[in-house]
1. Could you give me the residue pairs with C-beta distances under 8 Å whose first residue belongs to region 28-57 and is more than 16 Å from L14 (Cβ to Cβ), whose second residue is assigned to a helix (DSSP H, G or I) wherever it lies, and which are 6+ apart or on separate chains?
2. Regarding region 88-105, can at least one residue be identified that is out of contact with any strand residue (DSSP E or B) (no Cβ under 8 Å at 6 or more places or on another chain), surrounded by fewer than 13 Cβ atoms within 10 Å (Cβ to Cβ), more than 29 Å from E29 (Cβ to Cβ) and among the aliphatic types (A, V, I, L, M)?
3. Just checking, which of S147, S154 is of a type in the set (S, T, Y) and at pLDDT 80 or above?
4. If T178 satisfies every condition in (1) modelled with pLDDT under 85; (2) among the hydroxyl-bearing types (S, T, Y); (3) in a strand (DSSP E or B) but one, which is the exception?
5. Within the group I45, I33, which residue is β-branched (V, I, T), within 18 Å of A101 (Cα to Cα) and at pLDDT 85 or above?
6. Does region 50-59 include one or more residues that are among the polar types (S, T, N, Q) and assigned to a helix (DSSP H, G or I)?
7. Given (1) of a type in the set (D, E, K, R); (2) under 23 Å from the mean Cα position of the chain (by Cα); (3) at pLDDT 80 or above, identify the lone condition not met by E124.
Amino acid sequence: MELNPSLIFPMIELLLGGGGRQPVTITREITEIELKLLQSLFRIILQELHGAWRTVATLDFAIESVETETHAFRVLAPQEAVVAIGIEMRIGEVTGMMSLAIPSVILKMMRQKFDQQWTARKVETDPGRRAGVLKKIRSGTVRLEASLGAHSISIRDLISMEAGDVLMVDHPAKAVMTLKINGMPKFHGRAANADGRRAFAVEKLVREE
């Protein structure tokens, strides 16, 4: 794991109770006490990584060493392939990158774990499970809304409107309307009457783009 130096001192300021909002420009080397504070932060990050990987495999992360000169830090052979993950972090007005390098050999060793995880996800989407989920949500409610086509009027006319005024729209009475479910277009149809009440007659499903 590599942390951009621009984030180091704002993090230390936060750990010591500061706001960490203003950019801090410090050219000196990090002290041993400050390094100890950062290691406690690193342990929290490692705990989060452990939780993130838990669904795939049980991995234990540990701090082997901390270096301030990354060019002198060698863990793998130069020709060893790694998967690099860059995460942009913002602390106050300071932005920097935290990079994670995962040796490709580790991922290859856990290929079977990933395959099992993918199989488990496919099982979760089988028709039987989907039917069970659908059965549980059938009692839920959604909002239906069928509206006429949009029409533009001047602000002068809008302000002068009173009860009893008739607003003309560019939507013919028998033209196709769209029925929205929770704000999402779902059906096309027309306005209708049913038992003396206004209704919406569904004609076809809105095609997904």
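1. Short answer, once both residue conditions are applied: T55/Q117; V56/K113; V56/F114; V56/Q117; A57/K113.
2. Yes, region 88-105 contains at least one residue that is out of contact with any strand residue (DSSP E or B) (no Cβ under 8 Å at 6 or more places or on another chain), surrounded by fewer than 13 Cβ atoms within 10 Å (Cβ to Cβ), more than 29 Å from E29 (Cβ to Cβ) and among the aliphatic types (A, V, I, L, M).
3. Values: S147 fails: at pLDDT 80 or above.
Just a single option satisfies the conditions, and that option is S154.
4. (1)
5. Details: I33 fails: within 18 Å of A101 (Cα to Cα).
So the residue among I45, I33 that is β-branched (V, I, T), within 18 Å of A101 (Cα to Cα) and at pLDDT 85 or above is I45.
6. Of all residues in region 50-59, those among the polar types (S, T, N, Q) come to 55, 58.
Checking the rest, the ones that are also assigned to a helix (DSSP H, G or I) come to none.
The answer is no, given that none of the residues of region 50-59 is among the polar types (S, T, N, Q) and assigned to a helix (DSSP H, G or I).
7. Condition (3) is where E124 drops out.
The values are calculated or read from the model by the stated rules, or taken from the named source; none is laboratory data. As the structure is a prediction and not an experimental result, all values here were calculated from the model. Glycine gets a Cβ as well: all are built from the backbone with ideal geometry, and neighbour counts include every protein chain shown.
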